[in-house]
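Below you'll find the structure, written out as C-alpha cells, and then a few comments.
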C-alpha cells in the first residue's frame, strides 16, 4: 500500500493482555471492540471503557492502557498535520464516549469499521477509499465534537499564528487548573503586560474572559451529555466555586446551569416522533440509496407482546398419555405462556 503522505500512521486491531505505557506521536483513536480497558492519561484521572466505547488521544500525550478483562481494541493513528489542515487543530476536538455517553457515536463507529476492514485487505489498494473515510470522520469531528474558541479578532497577516496556537494549546491543556496570566506569560517567556495586550488584540477579550469561555464550552457539553451534578461540573471545568460558575454561565447563556439542563429535558420530551415512511415512498428511496440511517424515538413506548399466538399444536391426543410428553408440555407452557392446545385424534379406532 502506498504510504507517501498517507494520513494513517498506524492501524492495529489487537488483543491487550498486559498493561502498556504509551506516548502518542499521532492523533490517536482507541475503539474497544470487546472487554474492558482502563486508560490513564498523565496528568488526569483513569477512565474505564467498555465494549463499544471510544476515545481520542491528542499527540504528545503520555498514557497507560490497562486491560481489565480479555480486551480487543482498534487503535488508529492519524497525522496531526492532516487534521490541522483539513478540519481544525486537534486540541479543539473532544470526543469520548465515557465523558459524554449520551452523544451519537454510531457514525464514527461505522467509519472506523470501514477503515479497519479496508486497511487489512491486502488484495487491493484502498488508499483513496480510506482517505475518503477519514475526511468523513474529520467532518463529523469538526462539526459535532469541536470546542469553539472565543476569538473574535484574528491577525489577517498570519504573523502571530504560531503564538496564537501556542496560547490556545496551553489553555486547552490547563483550563481545569488554577491557571493565571502570569503562568501563561512564563510559559511563553513574555511579560504579563505584553500577553495581556496581545490577548486584547488577537482574541478580542481579556485572558480571564477567554479562559472562562473555554471552561464554559466544556461545562455546557457536560450539562448536555452527562448526568453529572452541577457542582461536579463546575469544579471539573476549572471554576473555583459554584457561585462563580453560575454567574459566568448566566452571563454567557442567559439562564442558570440548572435551568439550561431542564430546558434541554423539556425539548427532548416535546420532540414529536416523525411519521414513518410509507411502503411506496420507501421503495422509491431504496432504489436511490444502498445505505440509510434511521432514527427511532424511545421516549414513548408500549408493552411488547412476546408471544403473539395463545395456541400451540400438540399433535395426536394420545401423546398426552406419555409422562415425558407431559413434562415437555409443562416446560413449554412456562416459557411460551400459551393458553390453549390444539390436538387431533380425540376419537380414534
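The values are calculated or read from the model by the stated rules, or taken from the named source; none is laboratory data. Predicted model, so just to flag it, every value in this text is computed and none were measured. Don't worry about glycine lacking a Cβ; one is built from the backbone with ideal geometry, like all the others, and counts go over all protein chains shown.
The criterion of at least 3 residues that are closer than 30 Å to residue 125 by Cβ is met by the following strands (runs of 3 or more DSSP E) wholly inside region 1-84: 8-16, 27-34, 54-57, 71-78. When each of 120, 65, 94 is tested for being surrounded by fewer than 19 Cβ atoms within 10 Å (Cβ to Cβ) and farther than 20 Å from residue 145 by Cα, the lone residue that passes is 120. Within region 217-236, the set of residues being surrounded by 16 or more Cβ atoms within 10 Å (Cβ to Cβ), modelled with pLDDT under 90 and either touching a helix residue (DSSP H, G or I) at 6+ places or on another chain (Cβ under 9 Å) or assigned to a loop (DSSP other than H, G, I, E, B) (or both) comprises 218, 219, 220, 222, 223, 226, 236. Screening residue 183 against (1) surrounded by fewer than 17 Cβ atoms within 10 Å (Cβ to Cβ); (2) modelled with pLDDT under 90; (3) not in a loop (DSSP other than H, G, I, E, B) leaves a single unmet condition, (2). Any residue at all in region 247-269 that is at pLDDT 85 or above and under 16 Å from residue 176 (Cβ atoms)? Taking every residue of region 247-269 in turn, at least one turns out to be at pLDDT 85 or above and under 16 Å from residue 176 (Cβ atoms).
Condition check ((1) assigned by TED's automatic domain parsing to the domain that holds residue 105; (2) in contact with a strand residue (DSSP E or B) (Cβ under 9 Å, 6 or more places away or on another chain); (3) modelled with pLDDT of 80 or more; (4) surrounded by 10 or more Cβ atoms within 10 Å (Cβ to Cβ)) across all residues:
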| position | (1), (2), (3), (4) |
| --- | --- |
| 277 | no, no, no, yes |
| 284 | no, no, no, yes |
| 289 | no, no, no, no |
| 293 | no, no, no, no |
| 300 | no, no, no, no |
| 304 | no, no, no, no |
| 325 | no, yes, yes, yes |
| 328 | no, no, yes, yes |
| 340 | no, yes, yes, no |
